[in-house]
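Engineer: Please see the structure below; I have some questions.
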Amino acid sequence: MLTSQQRPGINQPDQPLQPPALGIEGVSKTYWQGDRTVDALAPINLTVKTGEFVCLVGPSGCGKSTLLSIVSGLEPASTGSVLAKGQPAVGPSPERLLLFQEAALFPWLDVQGNVEFGLRERGIRPTERSSVAQRYVDLVHLTGFERTYIHQLSGGMRQRTAIARALAMDPALLLMDEPFGALDALTRDTLHEELESIWASTGKTILFVTHNVREAVALGDRVLVFSPRPGRIVAEFPIDLPRTRSLQDHGLADKASEILAVLTEEMRR
Amino acid sequence: MAASDLAAATAPGFPLAARLWAPWLRRALFYVGLVAVWQLIASSGMWPSYVVPGPNAVTASLADGLAGGVFLVAAAVSLSRLAVGYVLSVGLGILLGMLIARFRLADELLGSLVLALQSLPSVCWLPLAILWFGLNQTAVIFVVVMGALFSITLGVASGVRNTPPLYVKAARNMGSHGWRLYSRVIIPAALPAVLSGLKQGWSFAWRSLMAGELIYFSLSLGNLLQTGRDLNDAARVVAVMVVIMVIGLVCDQLLFAPFEGRMREKRGLN
C-alpha cells in the first residue's frame, strides 16, 4: 500500500526550498457575453506541491474547467497569475498538459502517430520518438494497438492513448478535465487504478477536475470543493485514506458523503 | 432466369470468387442491355442514322479516331489545358480559402462574392474572356479557372473554418504554433472538405474546358464535337462523348478515389 507520505516529492523535509509545482495567485475570469459581463471565476488562490494529486469538484458550469484552461495557458486569466515552479507561466506549454473529456486525439493519425505528435513538435528524431512513444504505449497497456486508428478504439482506449500522448511530453503538471466523464463505470474503475499507478511511478503533479465526488476521493491527496458560478474554493478536504482505494471502501464512502453534503449545501445557496 | 442466377450468385455459401464477380457481372449485363436498347431504337427507323447513330457506327467511329491518333492528340491537348487551369485553380483556391477562413475581413468582403461567383456557370465568362484575351488558349484556360476556382475556395474555407477547436487546443498545448499548426493539424483536419472541393473543382474544370473548346478552333476534344456537328457526323459526336466520359471516370479513379478511400478508411468515415 502506498500513502502520500511515502511517495517521493511530497513534503520532503530535505527539499525545503523547492518552489511548489503550481501556484495560483488571485486568478479570476470575467468574460463578455453579448453586452454584459459574466464572472466565471472568483479570484482563486491555490498551491499544489510537487507530486501532489489534487481534485477539484463542483457543479457543472462553476468555472473549474476554466481554471484548468487558464493554468494550461490556453486561455488568459482576467486577473492574477499562474506560477509553475515559482516562475510566471504565460501561454501554452507542454510542461502543463491539459487532457479533455473528449480525448482530442487526431483521427488522421494512428495511436503511435498521436503519441509521437508532441515529440515531433519538439524536434525529437524519429528513432528516439518511436522508442519514447513505445514506452508510454506499453505503460497504458495499448501494446499491439500502435497502428490502430482512433475510430477503431473504445472510449477507454482513447483516454489511454491521450494519457500516453501527454506523458510522452514528460510534463511537470497534468491537468485533467473530467477525462473519464464519458466512460462506463467499469472502464472508469480500471482507468482509476491505472492512473493511480502511473502517478505513483512517475511522480507527476496532477490537477484533476470532476463532478464525481467518489472519483475525487478515490484519487486525490486533497479534494477542493467549488461553489457555483462564479467559482471559488469553499472547502478543502485532505484525503489520508490508504492507497490504493476501493470505491466500495467505507472510509471512502464516508468521506464522499461528507464532501457531497458540503457541495449540496453550496448549490442550495 | 438471369435474375434468379444472380440471386444465387450473391447468396452466402456460394463460392467466394462468384460472389466477388457478381457486381461486375451485374454491371456488364446492365451495359449489354443498354446497348441492346440503343440498337433497337437506332434500327427501328424512327430517326435517320445521322440523328441517332447506332452502336455499330459509333464503335466504328471510335476505332477510327483511336487508330488514326486523332482522339489521342485531342485528348492530350485538352488534358494539358485542363492541367494548367486546374493547377492554377488549386493554388489560388487554397490561398483564397485560407484567407476567408482565417480573416474576418476577407470573409466579409470575399465570402459572399465567392458564393455568387460559384453559382455563375463558368461558360458565362467566355464572352468576356474572348474580349480580354482574344479567341485563344488563354481564354479557354481562364474559363477553366473560373469554373474550378470557387468550388475549391469554398471547400478549403469550410474545411479550415470547421477544424474542431479541441484539436487546435491540444496541438497548441503540445507546442504547435504558426505554420506547423497548419501543416500538422488544421490542414489534415480540413482534408475531407478540401478533397470534396477539389473533386467538385475537377469536374467543373472539365465541363468548363469542353464549353470553351467548343468555340475555339484547334484540335481538342471539344473541337472534335463541334467539327462532328459541322459534318453532320453524329456517330463521331457520340464517339467523342464516350471518350470524354471515359477520361472523366479514369481521372476520378486515378486521382481521387485511392486517396479518398484511404482517408475515409483511416478516419472511419465509411
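Engineer: Normalised by the residues of chain B, what does the relative contact order come to in percent, with Cα pairs under 8 Å and at least six apart?
Structural biologist: 22 percent
Engineer: Also, quick follow-up: Report the relative contact order of the stretch B:178-269, percent, no decimals, based on alpha-carbon pairs under 8 angstrom and at least 6 residues apart.
Structural biologist: Rounded, it is 20 percent for the stretch B:178-269.
Engineer: At a cut-off of 30 Å², which residues of the stretch A:91-139 become less accessible once all protein chains are present than in their chain alone, using a 1.4 Å probe?
Structural biologist: Residues of the stretch A:91-139 that lose at least 30 Å² of accessible area once the other chains are added: A:Pro92, A:Leu97, A:Phe100, A:Ala104, A:Phe106, A:Pro107, A:Trp108, A:Phe117, A:Arg120, A:Glu121.
Engineer: Between A:Thr202 and B:Ala36, how many nm apart are label points set 7 Å from Cα along the C-beta direction?
Structural biologist: Here the modelled spin labels are 6.8 nm apart.
Engineer: I'd like the Karplus ³J(HN,Hα) series for the stretch B:123-137: coefficients 6.51, -1.76, 1.60, θ = phi - 60°, whole numbers in Hz, and an x wherever there's a Gly or Pro.
Structural biologist: Once θ is set to phi - 60°, the couplings for the stretch B:123-137 become 5, 4, 7, 4, x, 5, 4, 5, 5, 6, 10, x, 7, 8, 4 Hz.
Engineer: Let me ask something else about it. Do the sum for the protein assembly as shown: with -39,500 (n - 2.57) for every DSSP H run of n ≥ 4, divided by all residues, what is the mean residue ellipticity at 222 nm, to the nearest 500 deg cm²/dmol?
Structural biologist: Result for the protein assembly as shown, helices only: -18500 deg cm²/dmol.
Engineer: Here's something else I'd like to know. Ordering B:Ile130, B:Ile186 by accessible area with a probe of 1.4 Å, largest first, what comes out?
Structural biologist: Putting B:Ile130, B:Ile186 in descending order of accessible area: B:Ile130, B:Ile186.
Engineer: Report A:Ser201's accessible area, 1.4 Å probe, all protein chains in place, as a number in Å² to the nearest 10.
Structural biologist: 90 Å²
Engineer: So if R0 is 60 Å, what FRET efficiency would B:Ser43 and A:Glu265 give, r being the distance between their Cβ atoms, rounded to the nearest 0.05?
Structural biologist: Plugging the Cβ-Cβ distance into 1/(1 + (r/R0)^6) gives 0.05.
Engineer: Okay, next question. How big is the gap, in Å, between the Cα center of the stretch B:219-270 and the Cα center of the stretch A:223-258?
Structural biologist: 67 Å
Engineer: Report the calculated FRET efficiency for B:Leu25 and B:Ile215 (r = Cβ-Cβ distance, R0 = 60 Å), to the nearest 0.05.
Structural biologist: Approximately 0.90, to the nearest 0.05.
Engineer: Could you run the numbers on buried accessible area between A and B, total for both chains, 1.4 angstrom probe, in Å² to the nearest 100?
Structural biologist: 2100 Å²
Engineer: Quick one: accessible area per residue over the protein assembly as shown, 1.4 Å probe, rounded to a whole number of Å²?
Structural biologist: 50 Å²
Engineer: For the stretch B:66-78, in order, what is each residue's ³J(HN,Hα) by Karplus, 6.51 cos²θ - 1.76 cosθ + 1.60 with θ = phi - 60°, in whole Hz (x at glycine and Pro)?
Structural biologist: With coefficients 6.51, -1.76 and 1.60, one gets 5, 5, x, x, 4, 5, 5, 4, 4, 5, 4, 4, 4 Hz.
Engineer: Place a point 7 Å from the Cα of A:Asp39 along the Cα-to-Cβ direction; which residues of the stretch A:69-84 have their backbone N under 14 Å from it?
Structural biologist: Residues A:78-79 fall inside that zone.
Engineer: Pop the C-beta distance of B:Asn270 and B:Thr227 into the FRET formula with R0 = 51 Å and round what comes out to the nearest 0.05.
Structural biologist: About 0.70, to the nearest 0.05.
Engineer: In nanometres, what is the gap between the two model label sites at B:Asn162 and A:Asp254, each 7 Å from Cα along Cα-to-Cβ?
Structural biologist: 5.6 nm
Engineer: Dipole size in debye (nearest 20) for chain A around its Cα centre, Lys and Arg Cβ +1, Asp and Glu Cβ -1?
Structural biologist: The calculated dipole for chain A is roughly 380 debye.
Engineer: Compute, for A:Lys29, the solvent-accessible surface of its heavy atoms (probe 1.4 Å) with the complete set of protein chains present, and express it in square angstrom to the nearest 10.
Structural biologist: 20 Å²
Engineer: Would you mind telling me the share, in percent, of accessible area of the protein assembly as shown contributed by carbon and sulfur at probe 1.4 angstrom?
Structural biologist: 62 percent
Engineer: Under a point spin-label approximation (7 Å from Cα along Cα-to-Cβ), what is the B:Val73-A:Thr244 distance to one decimal in nm?
Structural biologist: Taking the simple label geometry, B:Val73 and A:Thr244 are separated by 7.9 nm.
Engineer: Report, to the nearest 10°, how far helix A:185-202 tilts away from the longest principal axis of the Cα atoms in chain A, using its own Cα long axis and a range of 0 to 90°.
Structural biologist: 80 degrees
Engineer: Further, regarding this structure: In degrees between 0 and 90, to the nearest 10, how far off the longest principal axis of chain A does helix A:155-168 point, with axes built from Cα atoms?
Structural biologist: So the inclination is approximately 80 degrees.
Engineer: If you fit an axis through the alpha-carbon atoms of helix A:111-121 and take the longest principal axis of the Cα set of chain A, what angle between them do you get, 0 to 90°, nearest 10?
Structural biologist: Long axis of A:111-121 versus the principal axis of chain A: about 80 degrees.
Engineer: Separate question: Remind me, relative contact order of the stretch A:198-244 in percent, using alpha carbon pairs under 8 angstrom and six or more residues apart?
Structural biologist: About 25 percent, as a whole number.
The values are calculated or read from the model by the stated rules, or taken from the named source; none is laboratory data. Please read all numbers here as calculations on a predicted model, not as lab measurements. Glycine also receives a Cβ, built like all others from the backbone with ideal geometry; neighbour counts cover every protein chain displayed. To get the accessible areas, we keep the full protein, side chains included, count just its heavy atoms, and leave off ligands, DNA and RNA. Shrake-Rupley method; radii C 1.70, N 1.55, O 1.52, S 1.80 Å.
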